[in-house]
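Structure, as structure tokens:
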Amino acid sequence: MATIIIEPGETFEHTHSRQGATILREGDVELEIDGDRRSLQRDVPIQIRAGQHHVMRNVGNTPARIDCWH
């Protein structure tokens, strides 16, 4: 597991070599996958396929904490 902290206004862009799950723990984050944007819901896992490029944006006013498994 990895924990990612994204400051307000920052983005985190990456790709995983294996399938994984992302879970928002704190903050307000928008996830973009293949041009589809959605707001992450706290404590609800999102599955991300291997090789799928994705971008997380902190759209809130406080640091966001995200847990990832891959």
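Brief remarks follow.
- At least 2 residues being touching an Asp or Glu at 6+ places or on another chain (Cβ under 7 Å) is the threshold, and among the strands (runs of 3 or more DSSP E) wholly inside the stretch 1-59 those reaching it are 20-26, 36-39, 54-58.
- Within the stretch 46-59, the set of residues being under 10 Å from the mean Cα position of the chain (by Cα) and open to solvent by 10 Å² or more (accessible area, probe 1.4 Å) comprises 46, 55, 57.
- Residue match in the stretch 30-37 (condition: open to solvent by 60 Å² or more (accessible area, probe 1.4 Å) and in contact with a strand residue (DSSP E or B) (Cβ under 8 Å, 6 or more places away or on another chain)): yes
- Within the stretch 16-29, the residues that satisfy the criterion of being closer than 15 Å to residue 66 by Cα and either open to solvent by 20 Å² or more (accessible area, probe 1.4 Å) or among the β-branched types (Val, Ile, Thr) (or both) are 22, 23, 25, 26, 28, 29.
- The set of residues from the stretch 8-57 being touching a residue at least 40 places away in the same chain (Cβ under 8 Å) and β-branched (Val, Ile, Thr) comprises 11, 22, 23, 55.
The values are calculated or read from the model by the stated rules, or taken from the named source; none is laboratory data. A quick note: this is a predicted structure, and the numbers were derived from the prediction, not measured. Cβ sites come from the backbone with ideal geometry, for glycine too, and all protein chains shown count toward neighbours. We work out accessible area using only protein heavy atoms, side chains counted, and drop any ligands, DNA or RNA first. Shrake-Rupley method; radii C 1.70, N 1.55, O 1.52, S 1.80 Å.
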